[in-house]
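**Student:** Below you will find the structure I want to go over with you.
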There are 4 protein chains.
Amino acid sequence: MPVEDVRAASQRAARRSQILEAAKHVFSEAGYHGASIHAIIERAEIARGTFYLYFESKEAVFGAVLDEAMTGLRRRIVRIETGLGARSPKDQLTDMVSSLLEFVVADRPLATVLLSSSSTPDAEAAARLAAFYTEVRSVIALSLETGVQIGLLRRCDPELTAAALLGLVRGIVEHCVSRGESPPIEDVTRELIDLALVGVLAR
Amino acid sequence: MPVEDVRAASQRAARRSQILEAAKHVFSEAGYHGASIHAIIERAEIARGTFYLYFESKEAVFGAVLDEAMTGLRRRIVRIETGLGARSPKDQLTDMVSSLLEFVVADRPLATVLLSSSSTPDAEAAARLAAFYTEVRSVIALSLETGVQIGLLRRCDPELTAAALLGLVRGIVEHCVSRGESPPIEDVTRELIDLALVGVLAR
Amino acid sequence: MPVEDVRAASQRAARRSQILEAAKHVFSEAGYHGASIHAIIERAEIARGTFYLYFESKEAVFGAVLDEAMTGLRRRIVRIETGLGARSPKDQLTDMVSSLLEFVVADRPLATVLLSSSSTPDAEAAARLAAFYTEVRSVIALSLETGVQIGLLRRCDPELTAAALLGLVRGIVEHCVSRGESPPIEDVTRELIDLALVGVLAR
Amino acid sequence: MPVEDVRAASQRAARRSQILEAAKHVFSEAGYHGASIHAIIERAEIARGTFYLYFESKEAVFGAVLDEAMTGLRRRIVRIETGLGARSPKDQLTDMVSSLLEFVVADRPLATVLLSSSSTPDAEAAARLAAFYTEVRSVIALSLETGVQIGLLRRCDPELTAAALLGLVRGIVEHCVSRGESPPIEDVTRELIDLALVGVLAR
DNA sequence: AATGAATGAGGGTTCATTCAT
DNA sequence: CATGAATGAACCCTCATTCAT
């Protein structure tokens, strides 16, 4: 690939990022419907037409914002190793949750979009997000089943519990995001893990 | 108040309810922005102008729908009695949660509206919902503090834990609502309580 | 039907006509694409939204304009009677053509729209006009065949001749419309009929 | 002119032709407004900017397409010779019409553009086409007058008849173009001439 | 000469809200 | 009280044209 093309491609990617970033902020502040192309291009400091050079439609940018977020999350979701020599499940879980929280909480707009967008934007994107959450619930449910089988966890309805745990995490993220400044991630993580693992009851 | 006025007032209230019911369904199916006045008045079988005799604006009906829901929920939220002769906290909690779930899950549109609307519809309504959730979190947080003080619960960050627990409940409601037919409320309640109290870990 | 409804219906029809009339002018001046909703509502002196209370879309008004024109034309197109006691075919034809020309030439915008709109507006309307012209050609072709069979007309390719005659009429209409003031319709009609019947050659 | 310049000029002309050809197709398929620069440059396989190196605007290409067509037509329109030793007017006319039809019908896109473009695209080009048709009508009208004077033709309104004859030709061209495969040009020509000269009536 | 990213005016359409009846 | 025709701001999107490379 000639040098100019490389530069062109990278410039194009940069522009795309710039728009994506602007869109993420606008979506997070106004929701899908409340967000106007006007607001996005104003924030991105580009012309109306330019927007449509990079994204087919409002729905498309929203999808892209979501995809980006989901990719970031997926990269941080890993299976818990239970083999010999593996670190303790709780430690692994702690690392994973910590990493996830860090990613989400650090990018407040992203978190807002992720949290708020059960509001059916327009079919496909909503479906994609729903699919993502279903996917996450499945991972959790499977982990729960495994945990039960190896006797680490008590018996429970895996699906329901997975849904509850996902909600629990969302609740915590919302908490962190809603206040100007959230407590250190490691503290939050510890509380989260403790709550999920041993509940609130005193022994 | 003369008889006619009483009748008039009750008729007025009935009309209002009729619109409110229609609006709740429409909001739950289409979200705040997706809901159109047209859809609401069509469902309520009234004329356009009539709508505005009962509600100031779209935002106002949405607020009313929310308020109605919140009233129903508030009625079911009670302090846990810890005095002598009181039933066990767990039993009280179970009853309360059970009652709340029943109320919410039975009225799917209501549940949908409650769940979906962190998506900032339009400032005020969103604020009202946020305020409601804050209120709920406060109740939970206070209960947690009390529980810790009397040694029933282990120490934790009450605010954070309250947020997590609220999320947990929402996750479960979402789970129940999302499938066509949810498991018996009492089972769901038991799982919820167990998870919250003792977590997932086997003893 | 109650009196108010009658009035309402007639008012509605009047409004519709008003918009239709404005649209006809605008379409005739700017063509389908060149015509903007803005121009139409400005001419009709109504608000943007009002337009859409009466017509679904720009395409729909165009279709309505066309339909109106086609209805007017169809009413004036009749079969030539060849039975005993019927007036001479030439006289019948003269009357018909005269009536058609009068209708079209008197309404210049209408004529313009009819003439100019092979310009593919948008699928359906274009198809409708094309269908109309096809229909007219068919009527002419059939008449020609009949005429040939009864020995009134010389042999010819009916389809081709019908197309030519239709074009001939359109040419004349265009001529009449293009000049500010056209010659008396009866003169034009006579020339048209003569040309079609006996051509330009001297006997 | 240096050799390089000659080559350059011819290359430039070739490029221009290439764009013109693409434009003609696009205009004929989509009409003036429906045609997009995008479609033209795609078909011509050139870049956006390049287009504007050869044509000032969309309107300008359209004008050029029209001019090209009109040039082709003009070359085939000749005066009928009436002097001694000239071939019979009918034969001359037949040759001319035949040549014209061949030119137009063979280049369907061109025919489509010519036929469809009374739809005022954008003032100037429309004016040019109108001027062309006026010019053609004048030639026909003059020929008619001459024919009448020398007793070859019966008396008629030359202007009106010219308009009618032009329409007649357009009707026939439309007929030929609209069907996938038109009858042999010579047959069409004969019908056309016969119709124009002696009409449809049996002698 | 050639490119194509960028521009922004302008297009059609929707819909919450008002007000004369 | 109830009605629904009328309003017009705001929306998303297209596309002819420009200009830095």
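**Student:** Which pairs have Cβ atoms under 9 Å, sit 6 or more apart or on different chains, and link a residue in the range A:31-51 that is at pLDDT 95 or above and among the hydroxyl-bearing types (Ser, Thr, Tyr) to one that is part of a helix (DSSP H, G or I) and within 11 Å of DNA strand F (Cβ to nearest atom)?
**Tutor:** Qualifying pairs under 9 Å: A:50/A:41.
**Student:** Right, next: Only one of B:99, B:116 is over 30 Å from residue A:201 (Cβ atoms) and either away from DNA strand E (no atom under 16 Å from the Cβ) or modelled with pLDDT of 90 or more (or both); which?
**Tutor:** From the options B:99, B:116, the qualifying one is B:116.
**Student:** Looking for whichever is more than 14 Å from every other protein chain (Cβ to nearest Cβ) and within 30 Å of residue D:194 (Cα to Cα) here; the options are D:56, D:81. Which one fits?
**Tutor:** The conditions single out D:81.
**Student:** Could you grab me the full set of residues in the range A:143-162 that are in a loop (DSSP other than H, G, I, E, B) and facing chain B (nearest Cβ under 7 Å)?
**Tutor:** Once the filter is applied, which keeps residues that are in a loop (DSSP other than H, G, I, E, B) and facing chain B (nearest Cβ under 7 Å), the range A:143-162 yields A:151, A:152, A:154, A:156, A:157.
**Student:** Another one. Just to be sure, is residue A:106 of a type outside the set (D, E, K, R), more than 16 Å from DNA strand E (Cβ to nearest atom) and over 30 Å from residue B:177 (Cα atoms)?
**Tutor:** It is true that residue A:106 is of a type outside the set (D, E, K, R), more than 16 Å from DNA strand E (Cβ to nearest atom) and over 30 Å from residue B:177 (Cα atoms).
**Student:** Suppose we filter the range B:21-38 for residues that are within 11 Å of residue B:65 (Cα to Cα) and within 14 Å of DNA strand F (Cβ to nearest atom); how many remain?
**Tutor:** Of the residues in that region, 1 qualify.
**Student:** Report, ordered by the first and then the second residue, all pairs with beta carbons closer than 8 Å, sequence separation of six or more or different chains, a first member in the range A:173-190 that is over 19 Å from residue A:113 (Cβ atoms), and a second member that is assigned to a loop (DSSP other than H, G, I, E, B) and of a type outside the set (Gly, Ala, Ser).
**Tutor:** Within 8 Å, the pairs are A:183/B:157; A:187/B:157.
**Student:** Out of all the residues in the range A:163-177, is one or more in contact with a Cys (Cβ under 7 Å, 6 or more places away or on another chain) and either more than 8 Å from chain B (Cβ to nearest Cβ) or on the phi > 0 side of the Ramachandran plot (or both)?
**Tutor:** No.
**Student:** For the subset of the range B:178-203 comprising residues that are of a type outside the set (A, V, I, L, M) and either facing chain A (nearest Cβ under 7 Å) or farther than 19 Å from residue A:141 by Cα (or both), which member is farthest from the chain's Cα centre (by Cα)?
**Tutor:** Result: B:203.
**Student:** A follow-up question, please. Which condition from (1) more than 14 Å from chain A (Cβ to nearest Cβ); (2) among the charged types (D, E, K, R); (3) away from DNA strand F (no atom under 16 Å from the Cβ) is the one that residue B:42 breaks?
**Tutor:** In the conditions (1) more than 14 Å from chain A (Cβ to nearest Cβ); (2) among the charged types (D, E, K, R); (3) away from DNA strand F (no atom under 16 Å from the Cβ), residue B:42 misses (3) alone.
**Student:** Out of (1) of a type outside the set (Phe, Trp, Tyr); (2) more than 16 Å from DNA strand F (Cβ to nearest atom); (3) within 14 Å of chain C (Cβ to nearest Cβ), the odd one out for residue B:47 is which?
**Tutor:** Of the numbered conditions (1) of a type outside the set (Phe, Trp, Tyr); (2) more than 16 Å from DNA strand F (Cβ to nearest atom); (3) within 14 Å of chain C (Cβ to nearest Cβ), the odd one out for residue B:47 is (2).
**Student:** Same structure, new question: Quick check on residue B:132: is it at pLDDT below 90 and aromatic (Phe, Trp, Tyr)?
**Tutor:** So residue B:132 passes the test.
**Student:** Got a number for residues in the range C:52-64 being closer than 20 Å to residue C:110 by Cβ and within 8 Å of DNA strand F (Cβ to nearest atom)?
**Tutor:** 1
**Student:** Working only within the range D:125-141, note down all residues that are closer than 21 Å to residue D:60 by Cβ, surrounded by 18 or more Cβ atoms within 10 Å (Cβ to Cβ) and in contact with a Leu (Cβ under 7 Å, 6 or more places away or on another chain).
**Tutor:** The answer is D:125, D:129, D:133.
The values are calculated or read from the model by the stated rules, or taken from the named source; none is laboratory data. This structure is a prediction, so every number in the text was calculated from the model and none was measured. Cβ: placed from backbone, ideal geometry, glycine included. Neighbour counts: every protein chain shown.
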